Structures are given as C-alpha cells and as structure tokens.
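The values are calculated or read from the model by the stated rules, or taken from the named source; none is laboratory data. Quantities reported herein were computed from a predicted structural model and do not represent experimental measurements. When we count neighbours, we look across all protein chains shown, and the Cβ atoms used for this are built from the backbone with ideal geometry, even at glycine. We work out accessible area using only protein heavy atoms, side chains counted, and drop any ligands, DNA or RNA first. Shrake-Rupley method; radii C 1.70, N 1.55, O 1.52, S 1.80 Å.
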Amino acid sequence: MLNLKRMDFEDEAAVQLINSDFRDLSLAANKLAEHVIKLGGIGFGASFFGLIAAIAAIYLLILDRTNWRTNILTSLLIPYIFFSLPSIIFAVFRGEIGKWIALIAVVLRLFIPRHFPDWLELPGALILLIVVAPSLFASTFRDNIVGVVVCLIIACYLLQEHIRASGGFRNSFTKAHGISNSIGIILLLVYPIWALVVILL
C-alpha cells in the first residue's frame with residue numbers, strides 16, 4: 001500500500017513537471033511570435049506577398065501557354081518575377097544552379113532549336129536574366145523602391161490591358177477566361193502596394 005502511494009506521488013510529480021515544461025514552452029513560443037511580429041512582421045508580409053506575386057506571375061505565364069491564351073503582353077511578367085522573387089529563391093537561381101540551367105537552355109536553343117519548345121523561351125529568358133543581371137539590378141534595384149515601382153507599373157499596365165482585351169471591367173470578371181486572369185493580375189498588384197507601404201512607413 002505504501003509502495004502504491006509512493007508511485008502515485010511520483011506519477012503526479014512527473015505530470016506536474018511535464019505540465020510546467022509545456023507552460024514554459026508555450027510562454028517561449030508566445031514571446032517568439034511577439035518578437036517576430038515586432039521585428040519583422042511588416043517586412044515578412046512583403047516577402048510573403050512577393051512570393052505570392054511571383055507564383056501568380058508564373059501562373060499567368062502558364063495560362064498564356066495553354067488554350068486560355070490572352071492578348072496581354074505576358075513577356076512583361078519576366079521582369080516582374082525578377083523583381084518580386086523572394087531573395088532566397090533568387091539567390092539559388094543566381095548561383096551555380098541557375099548558371100547550369102541557363103547553359104543548358106542556351107545550348108539547346110542554339111544547337112537543337114527544333115527540340116527547344118516555345119513554352120520554354122520565357123522561363124529560359126528569366127533564368128538567363130537572373131544569372132547575368134549586373135549587381136545594380138540584382139541587388140540594389142531589387143531591394144529598394146525602384147523594383148517595387150517597376151512591379152507596380154507592370155501590374156497596372158497588365159490589368160489595364162486585360163480589362164481592355166476582355167471588353168470592359170465587367171467582362172473581365174464574368175467571362176470564364178477572364179476570371180482566372182483577373183485574379184492572377186490582382187494578385188500581381190498586392191505585392192507592390194504592400195511593399196510601397198512598408199518602404200514609405
């Protein structure tokens with residue numbers, strides 16, 4: 001009986017110790033979240049929206065290569081992706097991986113042009129642009145207001161062209177092909193607007 005009470009006491013002490021550890025972990029996680037929001041919340045939002053915008057631009061490039069072809073100038077999406085791509089992904093493509101991809105794309109385009117599909121031209125141009133861009137563009141302009149303004153101008157122009165090609169604002173949101181393109185272009189507008197707010201605050 002005494003042994004049983006001793007085991008219950010040890011089990012209860014272990015449970016209290018674990019609960020205490022979980023409370024400490026919860027407090028530490030709350031403090032970490034507060035500090036992240038305080039130190040980088042707005043900047044993190046710009047990086048997140050940059051990623052979403054780059055994905056939306058890639059989505060629009062893919063749509064343009066399918067049967068949902070539009071009359072908008074989708075080659076403008078290449079500089080948009082260049083300026084909005086998050087720094088981590090940009091650094092990967094600017095490094096050795098990007099150099100190898102660019103080399104393969106150039107060799108295929110030069111020596112085997114019949115086997116180089118048309119849909120690979122714009123992605124190949126993007127990789128080539130990322131790899132060979134001078135540091136003034138790749139570092140300085142990407143990280144300040146110049147890149148954000150370029151993205152804003154491209155997004156506004158593409159939205160205006162899409163609305164005109166759809167036959168008006170209402171048609172751009174009611175036609176089957178128009179809705180997907182409209183959503184993609186509106187997502188392109190979110191990043192530069194948010195980044196301008198961050199820069200100007």
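For the pair Ala165 and Leu201, what calculated FRET efficiency results from E = 1/(1 + (r/R0)^6), where r is the Cβ-Cβ distance and R0 = 30 Å, to the nearest 0.05? Mind dumping the intermediate values first?
Values: r = 35 Å, r/R0 = 1.18.
Rounded to the nearest 0.05, the efficiency is 0.25.
For Lys99 and Ser135, the difference between the fully extended length at 0.36 nm per residue and the C-alpha to C-alpha distance is 11.4 nm. Rounded to the nearest 10 square angstrom, Arg94 shows an accessible area of 70 square angstrom against a 1.4 Å probe. When all protein chains stay in place and ligands, DNA and RNA are ignored, the 1.4 Å accessible-area order of Phe49, Phe90, largest first, is Phe49, Phe90.
Counting only protein chain heavy atoms and rolling a 1.4 Å probe, the accessible areas of Ile199, Ile78 rank, largest first, as Ile199, Ile78. Simple spin-label estimate for Asp143 and Ile88 gives 1.7 nm between the two label positions (7 Å along the Cα-to-Cβ direction from each Cα).
Based on the Cα atoms of the stretch 131-173, what semi-axes does the equivalent ellipsoid have, where each is the square root of 5 times one gyration tensor eigenvalue, given in whole Å with the largest first? Mind dumping the intermediate values first?
Working: eigenvalues 201, 20, 6 Å².
Semi-axes (√(5λ), whole Å): 32, 10, 6.
For the stretch 58-140, what does the alpha-carbon gyration tensor say about shape, rounded, prolate or oblate, given a ≥ b ≥ c as the root eigenvalues, a/c under 1.5 as rounded, and a/b over b/c as prolate? Note, shape of the stretch 58-140 comes out oblate. Protein heavy-atom surface of the stretch 54-170, 1.4 angstrom probe: 71% of the accessible area is carbon and sulfur, with nucleic acids and ligands not counted.
Counting 0.36 nm for each residue step from Leu108 to Ser180 and taking away their Cα separation leaves a gain of 22.7 nm.
Quick one: order Ile112, Ile18 from most to least accessible surface, probe 1.4 Å.
Working: Ile112 70, Ile18 90 Å².
The ranking, largest first, comes out as Ile18, Ile112.
Sequence-distant contacts, meaning Cα pairs under 8 Å at least 6 residues apart, place the relative contact order of the stretch 46-201 at 36 percent. The residues of the stretch 73-133 expose, per residue, 59 Å² of accessible area to a 1.4 Å probe. Only protein heavy atoms count here; on that basis, with a 1.4 Å probe, Leu60 has an accessible area of about 10 Å².
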